[in-house]
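Engineer: Mind looking over this structure? Questions follow.
The values are calculated or read from the model by the stated rules, or taken from the named source; none is laboratory data. These numbers were taken from a predicted model, which means no experiment stands behind them. With ideal geometry, Cβ positions are generated from the backbone for all residues, glycine too; neighbour counts draw on all protein chains shown. In case anyone asks, the SASA skips ligands and DNA or RNA and just uses the protein heavy atoms, side chains included. Shrake-Rupley method; radii C 1.70, N 1.55, O 1.52, S 1.80 Å.
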Amino acid sequence: MAKSKAALEPSGSGPTSLARLKALDTLPDLASQLDEAGKLCTHGARAEMIAKWLLTKLQADSSARVTSGSWVLLQLVVRLLSPERLASLLGTSDLIQIVTTTVTDADGSIELTQASNDCLVVLLDISEGAHAATVKARLSVSAEKAAGFLGAWLGLLVKVCAALDDDRVASYVQTGIRVWTLRKHHAQEDELFGQHCLVPATALLHHSLPEMSTNSSSSKRGAGGAFAAEPKPLETLLARHVFLPARLAFLAQSSQKQQKNQPAKTISLTERLGTMKRAIGSPEQRSLPADSASIMLDITLRCIPAQNARQRTKERPWHETVFSALLHCLASLNSQAKQQPLLSMLRTLQKRGASLGRNTLLQLADEYGIGEANEILNWDVLAQLISLDAGAFARAEPGGKHLDATRLFTLISASADTDSPQPEILKERIVTPIMQAFADNRSLPLFIDLWHAQSRKVQSPNSVWLQLRDVFSHLIESHLTPGYIVEWLKRLRQSSEPAVWHSEAENSVNDDDSSETAVLEFGPHVPAGLQAIGTAQGLLSADCTVIAALLCGIRSPEFQDGVYIELDGLVDQLFRTRYALLDHTYSIWPLARHVLELWFPLWTVHQQKREDIVSRADELNATAITSLAKSYLGRLADKTASNDMSQTKAQDICYYLATATRLFQPYCPSSQGIMDSVVSRAGDTELVQAVMSEELEETAYSGNEVKGLKLKAEMHGHAMQESGSVQTQTASPQVAEMIDGMVVNTDKVAELELLNTVTQHLDGDLTPIEYSAALSAFSRFCHRRPLDSHVGMLDGLLGSDVKSPGISALILAKVVISSLRREDFIGDKMTTSISPQATVYHLLHATEQSTALATTRRGLECLNLVLRTKPFMTNQCIVEASLAMLNRLAQRHDTRLRALYLDICTTFTALLQHHRSRLRDRMHLLVELAQTLISCFYRKLKSSNSSNTKQLTARHARVLARLLQLLCNPPRFTKSKQHTSELVDEGRKAQAHVGQYAQFVLHHYCSVVLTGTPEEGVRPGLMPGMYAAIDAMEVHDGEAVKVLSAAMNNSERAIWRSVYDEYKMFGKWRGG
């Protein structure tokens, strides 16, 4: 033993190590003591003696506790001790309590935080060893001490988190949670956690890193937080020890109340959040910001995800209780200071797909949205409340207890000249959702009455009540009847007729003044002679606003026929008025445009003589309203005189003139002068180009080929005039006669010259009748040509890979393709090497590479014609290349996809109907294209000439559903093979083959639903196609539903469950 002790002693004549250890307390300061102890700590036996000395020092000396060197030395000592000796030493002192006291006394030292954390990590790692159960037992303390430690530890991290990087703070938090996990469980541990840890944990979530803050973590879809990011450890602790116990107590109390039993004594959520309320309201501490309430609300909503409407309704009472308790925490703040925290909480509700009861929303609107002086306090709060449930405000209860639509709309009109917010807040977030809620409640006529009443008070052309026409138009045919529209038109016409439309206004102005002179004299004010009927002017403005909105939404023939008689009377009132009082009605130009678009085509159908149509067109061209529009176009070029004209008004005027030109020109050639006025007199070039571009886009969407070509020619002519060049090419009125007179037998060069001549004439200024005659003449010319010349003509029209054909060339190519036969290529092989497949490849290349919408659509029409009627021009490669090209076209992200989508579906349908046998082993191409077509509904399509975004509509969804039904339900052929048994259903076999791949389409649908929100009606429109895919999948394998569900994540599985439930209820065939 003596020999062993001698071995521990250092060589030399100095004092022994034992003497040096005993003399540690005699050293002058703490730093020298720690330094000497560190030098001696090189052996387990010395480490044990140093550990006893150091633990005693930490327990008794506060300066030793807040010195980082003490914890560095303790970490070194712990590493040298065996688990048994370490457990024995920890039993003599309460290390967790020492750390709690240390971090409580610390002043935010980063070095001390790091040293104490490293020491705890070493201890915790040792306690997880195979022979360290006694160490873990020593670190396991009571719930009260563990809660005190965790609260103090998180409080220290709140002080130092700003100076630390993300990973380090996360690791420090994890250390505190590991100590809390080792606690001895107690019945009151949830209350202890709320008392000690609630405030520092919430403060750390608020002040710390973005990824640790629930308020900044974005979810892919706000449906109760089911698809949010993985919860952080602090969020889990708060949910487990604060909100879930409170929810269980709430549910138990509610159940006991329903059973009429005496509820047991429980701790309410308000009591659990008492420390949070004191931390927010204490002006001395200010340890917790007010907007941290939204963090707590977000955690609560994510505790119990609500996947569907039924679950959200079931959880709503609990959500209201949490919202009320968190709002109670802000009670000590003044009304102004509560606005931003309340707004954050409301946004959190919307993000997570939750809502509050209607009474609660109305109470919040009365308290925080409307002031005591009946003025709007906070537009954002009001808009956010409406976004949660607009139906709560879609009521008209004058004199009622809470805010209703009548009072809200009155406040909006009253604030137009004072504190009106941004227009998008009023229109997009307040008025439009309430309008939709009225429609959903089947009370849209009540909204129209309120709208008409507010329109009478309009004093500014920028009023929100004049900007609802486009939004309102989508609700007309789905929520109103033709009879109701007719009734409104009669009512408005009769109310406005005595005051303005006729003699009373006419007698107030000097008959010698022309309408154009009157316009320039009146300016933005009503003339003195008309001030006596100023109220009638307001009435007329309101009438025009509502009438224009009602007519703007009429699309179907049923509605057009229903309102035709009233439109005829409205035209007499509108276009036979001479005076400029009409111009002071802000909606006169949209009204005139929509009246012409609806009435004139219907009126021409009822006329038997062309002379009557020409006479009426000339009459309408000479009306005062057209002269008024021309005069204002002249003022656009004068920068000094155009100050009183808004951009919206100028654009409406140009829209009206473009509409009048399109409708009147086939019967009245002089009407082209109207559009010439737009081009020559308007100084705002961008405005005119924007109007024509919008007209061209709507034309392409509606499929009117001639109208689209005309508008493109007008845009080209306008650009030529602006660049200073003169358009010398004029359209020949005898184009058809010129084509009929073409020589049939010509060489290749002369043939190309003839094709170029025809193309140039078609690109010129032709009327619809001349255009149709020219195409008919070219068709006759093709039939007169020799059989072996058609291929050369087609090759000349389609061009090479370098130069793509234009619109007219593709239209002529379609005529040539319709006349092609198999013999044309057989005869042509003697002189050229052109194959029918090479011709189709040129067509595919031109269609895909074109940047013009009309050119792409014409190319798809040609391809559709080839696929349906010319099988000799296709092979396996052509079919596969067509599918790949359609897939690339469907991946576009601009608004042209809205017009191309139906053409893509039509071409896809032709492939399925006429080339299914070639697609049997190419299902991966079909599935990829189907997935792309589904994804289009969840993308925002941005317009090229504006920042507006559009989406595909329910019409597109119904077309895709029919296409999926065709894909998943192959046609059943009556002819069977010679050796095929009649007991084998070949159609069912083909359906089962498709069913192998239908699961990929369904899985893609369930995943893409989470990425965006489609237009209204898209989901019901797609469902028949989804039902067909499920049928095919179940025909292939009865267990396919379970297999598909197992391959999905939780979010996708929730969508799939709802789709399959609807299929079982509405789509599954049950026999009989």
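Engineer: Cα centroid distance between the range 19-64 and the range 431-464, in Å?
Structural biologist: Each part reduced to its Cα centre gives a spacing of 82 Å.
Engineer: Starting from 0.36 nm per residue, how many nanometres of slack lie between residue 130 and residue 174 once their C-alpha separation is accounted for? Kindly include the intermediate steps, with their values, before the conclusion.
Structural biologist: Numbers: separation 44, 0.36 × 44 = 15.84 nm, distance 2.18 nm.
Fully extending the segment from residue 130 to residue 174 adds 13.7 nm.
Engineer: Mind scanning 314/401; 22/52; 1042/1064; 184/277 and naming the pairs with a C-alpha gap bigger than 19 Å? Walk me through the numbers before you get to the answer.
Structural biologist: Details: 314/401 27 Å; 22/52 12 Å; 1042/1064 15 Å; 184/277 29 Å.
Violating the 19 Å Cα-Cα cut-off are 314/401; 184/277.
Engineer: May I ask you to order 840-849, 1057-1066, 448-457 by the average number of other C-beta atoms within 10 Å around their residues, highest value first? Don't skip to the end; give the middle numbers.
Structural biologist: Details: 840-849: 20.4, 1057-1066: 14.8, 448-457: 18.9.
Result, highest mean first: 840-849, 448-457, 1057-1066.
Engineer: In square nanometres and to one decimal, what's the mean projected area of the convex hull around the Cα atoms of the range 300-418? The partial results should precede the final answer.
Structural biologist: Values: hull surface 31.4 nm².
Average of the hull's projected areas for the range 300-418 equals 7.9 nm².
Engineer: With label points built 7 Å along Cα→Cβ from the Cα atoms of residue 267 and residue 240, find their separation and express it in nm.
Structural biologist: Inter-label distance under the simple model: 1.7 nm.
Engineer: Here is a further query. Restricting to Cα atoms and excluding each atom paired with itself, what does the Kirkwood estimate give for the range 830-939 in Å? Write out the running numbers ahead of the final one.
Structural biologist: On the way: mean 1/r = 0.0699 Å⁻¹.
Result for the range 830-939, one decimal place: 14.3 Å.
Engineer: Given H placed 1.01 Å from N in the peptide plane, which residues other than close sequence neighbours of residue 370 have an amide H under 5 Å from its amide H?
Structural biologist: 377
Engineer: Can you give me the long-range amide H partners of residue 184? Hydrogens built in the peptide plane at 1.01 Å from N, cutoff under 5 Å, separation of 5 or more residues or another chain.
Structural biologist: It is 141, 142, 143, by chain and number.
Engineer: Further question: Of all the accessible heavy-atom surface of the range 312-414, with the other protein chains kept in place and a 1.4 Å probe, what percent is carbon and sulfur? Show your work: numbers first, answer last.
Structural biologist: Working: 1900 of 4080 Å².
With neighbouring chains kept in place, the figure for the range 312-414 is 47 percent.
Engineer: Might you tell me the accessible area per residue for the range 64-212, computed with a 1.4 Å probe and given in Å²?
Structural biologist: 40
Engineer: Could I ask something else about it? Order the peptides 297-305, 922-930 from the highest to the lowest mean number of other Cβ atoms within 10 Å of their residues. Let's see the in-between values first.
Structural biologist: Values: 297-305: 23.8, 922-930: 18.1.
Peptide ranking by packing, descending: 297-305, 922-930.
Engineer: What part of the accessible area of the range 86-144, given as a whole %, is carbon or sulfur when the probe is 1.4 angstrom?
Structural biologist: Values: 1170 of 2410 Å².
In the range 86-144, the share of accessible area belonging to carbon and sulfur is 48 percent.
Engineer: Starting with the highest mean, order 339-347, 36-44 by the number of other Cβ atoms within 10 Å, averaged over the residues of each peptide. Display every interim value, and only then the final one.
Structural biologist: Working: 339-347: 20.8, 36-44: 15.6.
The densest-packed peptide leads the list: 339-347, 36-44.
Engineer: Can you give the accessible area per residue of the range 322-374, in Å², using a 1.4 Å probe? Numbers along the way, then the final one.
Structural biologist: On the way: 2120 Å² over 53 residues.
Roughly 40 Å² per residue, with all protein chains present.
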